[in-house]
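The next block holds one structure in the form of structure tokens; read it before the comments.
Just so it is clear, none of the values below were taken in a lab; they were calculated from the coordinates. Computed from a prediction, not measured in an experiment: that's the story for all the values here. Every residue, glycine among them, receives a Cβ derived from its backbone with ideal geometry; neighbour counts consider all protein chains shown.
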Amino acid sequence: MKLVDTHCHLDNEKFDEDRVDVIERIKEKLEFCVNIGYDLASSKKSLELAKKYSFIYAVIGVHPIDIAEYNQEVEKELELLGGDSKVVAIGEIGLDYHWMTETKEIQQERFKKQLELAMRLNKPVVIHTRDAMEDTVNILKEYPSITGVIHCYPGSLETVKQLIDRFYLGIGGTLTFKNAKKTVEVVKDIPVDRVVIETDCPYLTPEPFRGKRNEPIYVEYVAKKIAEIKGMDVEEVTRITTENAKKLYRIG
Ligand code: NI
């Protein structure tokens, strides 16, 4: 069994010059990858990629930083796109109180609208949360039937204890950084069967490539680090996290 990248942005312009090569490496080295939209345009691109390649799946939605564009029209378009079987979740959606392009109130209202959209489409969600963990947890508690992943999880295990039975934690390249103490603690505490691996590429490149462009096959370095922290074989981390990714996105 091979690894999965549960969160990548292949439509990003950083891949414009060699996207075909990057995708070729995914085909060779990974089980599949999931391309995540952050606004309507990238959601459409995400689905285009997913329709072109059997081993790429799409997630569609509007990121809290881009939430200004969210209106009824956009919601309608997302709902139409969401009918496609290659769309496996709604995201990335959530709250970002670090890069505030809209007020907390507007972010919360549109986050809830997209959670309701996910419920109508019967899809899981990909959550982005930054400096807003408490409000994120409280809102997700209002939707007890929704499942999904908390992407690039930034907090402690304590904070998400109430959600861990229905949300996976997405662990990425930051785990390999020298100052990753907090993430290392989370990985130590959390059972591997609640973990999925992600890159968030082209961002957050793991060691030993930190500073360069990230790409999906670098999930390998995250898996190695998890195995090291947990005292497990990389093969076992691979098998468990890939099964988790399939359950999360209801694939296969
Ligand atoms: Ni992302």
Straight-line reach from residue 113: which lysines have Cα under 17 Å away, leaving out those fewer than 8 places along the same chain? 76, 104, 123, 141
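Calculated from DSSP H runs of 4 or more alone, at -39500 (n - 2.57) each and per residue, what is the 222 nm mean residue ellipticity of the chain, nearest 500?
-12500 deg cm²/dmol, from helical runs alone.
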Coil-residue GluC sites (Glu not before Pro) of the range 1-64, DSSP, other Cβ within 10 Å capped at 12: 17
Roughly how many debye, to the nearest 20, is the charge dipole of the chain about its Cα centre, given +1 on each Lys and Arg Cβ, -1 on each Asp and Glu Cβ, and no other charges? 600
What value does the range 55-175 have for Rg/Rh, both radii from Cα atoms and Rh as Kirkwood defines it? 0.94
Taking the Cα centre of the range 1-67 as origin, sum charge times position over the Cβ atoms of Lys and Arg (+1) and Asp and Glu (-1), and report the length of that vector in debye to the nearest 20. 280
Above-threshold pairs, the threshold being 19 Å between Cα atoms, out of 51/86; 27/246; 182/230; 51/224: 51/224
Taking the Cα-to-Cβ direction at residue 21 and at residue 177 and moving 7 Å from each Cα, how far apart do the two end points lie in nm? 2.7
Within the range 65-119, report the chymotrypsin sites (Phe, Trp or Tyr not before Pro) that DSSP leaves as loop and that have at most 12 other Cβ atoms within 10 Å. 99
Could you give me the ³J(HN,Hα) list for the range 20-27, computed from phi with Karplus coefficients 6.51, -1.76, 1.60 and θ = phi - 60°, whole Hz, x at Gly and Pro? 4, 5, 4, 5, 4, 5, 5, 4
Just order 147-156, 234-243 by mean Cβ neighbour count inside 10 Å, highest at the front, would you? 147-156, 234-243
Percent of Cα-Cα distances greater than 34 Å, calculated over the chain: 9
State the answer as a single residue: which of 57, 232, 80 lies farthest towards the positive end of the charge dipole of the chain, with beta carbon charges of +1 for Lys and Arg and -1 for Asp and Glu, about the Cα centre. 232
Given the C-alpha centroids of the range 1-49 and the range 130-148, what is the distance between them in whole angstrom? 27
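For the range 3-249, what is the relative contact order in percent, using Cα pairs closer than 8 Å and at least 6 residues apart in sequence?
Relative contact order here is 19 percent.
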